[in-house]
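Please treat every number below as a calculation from the coordinates, not as lab data. Worth saying up front: this structure is predicted, and the values here are computed from it rather than measured. We place every Cβ from the backbone using ideal geometry, glycine too, and count neighbours over all the protein chains shown.
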Amino acid sequence: MSNELLRQIKSIDYLLDLPTSQKLIAISSRDFVRDTLRILLTDLRKEILDNQLPQDSNLIEIIESELPVYWQSLTNNSLESVINATGTLLHTNLGRSPLAKEALEEINKIASSYCNLEYDLVTGKRGHRDQHCEELLKTLLGCESAVVVNNNAAAVMLVLDELASGGEAIISRGELIEIGGAFRIPDVMKKSGAVLREVGTTNRTRLSDYETAINENTKVILRVHPSNYRISGFTEKPSLSELVKLSEKHNLVLIEDLGSGCLVDLTPYGVKDEPTAQASITAGVHVITFSGDKMLGGPQAGIIAGKKAYISRIRRNPLLRALRVDKLCYGALAATLRLYQFGIAWDKIPLLQALKATDKEIMTRSKNFLRRVKRKLSATTTLNFSLQPGGSLMGAGSAPEVLLPTTLIAIKDTKLSSLELASKLRTAKTPVIARIEEDKLLLDLRSVLPRDEQLLEEIIVNLI
């Protein structure tokens, strides 16, 4: 009997003329829809041979029904935008810092046309791509020179490869950090060709420990800011100014990996242990490195800044070509840096806007959000809502001890578990990422972009 159904399958040319096929051809191509139909027909023939379809099945109806599903499965982007309701502002798994509107506009402008990436408009000759951010960084940081690479791990490796390869790099044992993705400072130092020279102990490293370790093979002193952990209690470490004096006394290069890379003082907003890049430059550190997509609120990038003599050497290193960034990154980074230059970063950069929001403001947002949701829900809803105090995190290895006071929206359902609710949110047309505590689904609006609130309301209303 399966042969009867198999004989009902029409030719590809016939199927391409079906209304559903024509709609899909209009938004893709005839060849793509043809290939999709072939995949569908292969599966359909297998179902027929396995007797999984009733003999009275209308194959044309089945094909018209299934074709959009197959087409969609082949065209889905694996990378898509999500709503971050976790309360973690710099969520590495969710792409870290969202960009400011000005940065997005710059990307669109640069991406949609040719640009002077490596062309000097004044002389009409070849220029260098660093010019698009270097002057901004020099102005903002007070440094002599700067160069941009694709992330901070690349920045650290490039700096060590140029300034410490073949020699020793002194570092405190308390700063041999590992961050997400198994990025370990000792491994990076080894790969760069620098010889690791550990000094001090995990919790206490004195200036004398550094000085005792200096020998004829020493090239640099490396200081690493412990972004994703804190050692407290019986601790000691020398100040930056002391390390500057020591390095200059012995003609060594002092390098500081700042990690997150703040350009503004976050102390008024509860973040008290994130040093600014400007402070390190002012203290006399020769070379600093930090990320572009963490506290800075820009695109993924690694920024190297400091004394011109050392940056010039780094710029000539052959590795730079492998680690450099493209025109889109330069455009987005320059646009972000200009917001700091204009003094409007706190009002324009999404990360800083979320960071400065008070607990009272988040509570008001949460109450209003919940009021709107309840107004739209049917009387028979099985969802129960409540508000409770909680804490938001910086994330991405930044300010690990800081909990920003917030108001959480707790959701429970009389039929579904919190895990099932979370799964429904993740599989919504626009995925929503929340967190679960004590069998409650929790939404933290501090990490939800204001423009996404209305969409989040609709998703919650249609959750069940």
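General observations
- Inter-label distance, residue 122 to residue 43: 6.1 nm, where each label sits 7 Å from its Cα along the C-beta direction.
- Candidate aspartates and glutamates for bridging to residue 23, where Cα separation is under 13 Å - those fewer than 8 sequence places away on the same chain excluded: 64
- Taking other C-beta atoms within 10 Å as the exposure proxy, 177, 25, 409 rank 25, 177, 409 from fewest upward.
- Classification of the chain by its C-alpha gyration tensor yields a prolate form. The axis ratio a/c (a ≥ b ≥ c) is 1.5 or more, and a/b outweighs b/c.
- Remark on residue 256: its backbone amide H falls under 5 Å from those of 223, 287, 288, 289, a criterion applied only to residues 5 or more positions apart or on other chains, H modelled at 1.01 Å from N.
- Qualifying aspartates and glutamates (Cα of each under 12 Å from Cα of residue 440; at least 8 residues distant if same chain): 413, 420
- Full extension of the chain between residue 326 and residue 165 gives 55.3 nm of extra length, using 0.36 nm per residue less the Cα-Cα distance.
- Among the trypsin sites (Lys or Arg not before Pro) in the stretch 317-424, those placed in a DSSP loop whose Cβ has at most 16 other Cβ atoms within 10 Å are 415.
- If R0 is 60 Å, the Cβ-Cβ spacing of residue 385 and residue 249 corresponds to a FRET efficiency of close to 0.40.
- Estimated FRET transfer efficiency when R0 is 51 angstrom, pair residue 3-residue 213 (beta carbons, to 0.05): 0.05
- Spatially close lysines, pair count over the stretch 184-282: Cα under 22 Å, gap of eight or more or interchain: 8
- To the nearest ten degrees, helix 101-111 and the longest principal axis of the Cα atoms of the chain are 80 degrees apart.
- Overall form of the stretch 182-224 per C-alpha gyration tensor (a/c, 1.5; a/b vs b/c): oblate
- Virtual paramagnetic centre 7 Å along Cα→Cβ of residue 375, amide N under 14 Å, in the stretch 444-464: 454, 457-458
- Excluding exposed DSSP-loop chymotrypsin sites (Phe, Trp or Tyr not before Pro) (at most 14 other C-beta within 10 Å), longest clean stretch of the chain: 343-464
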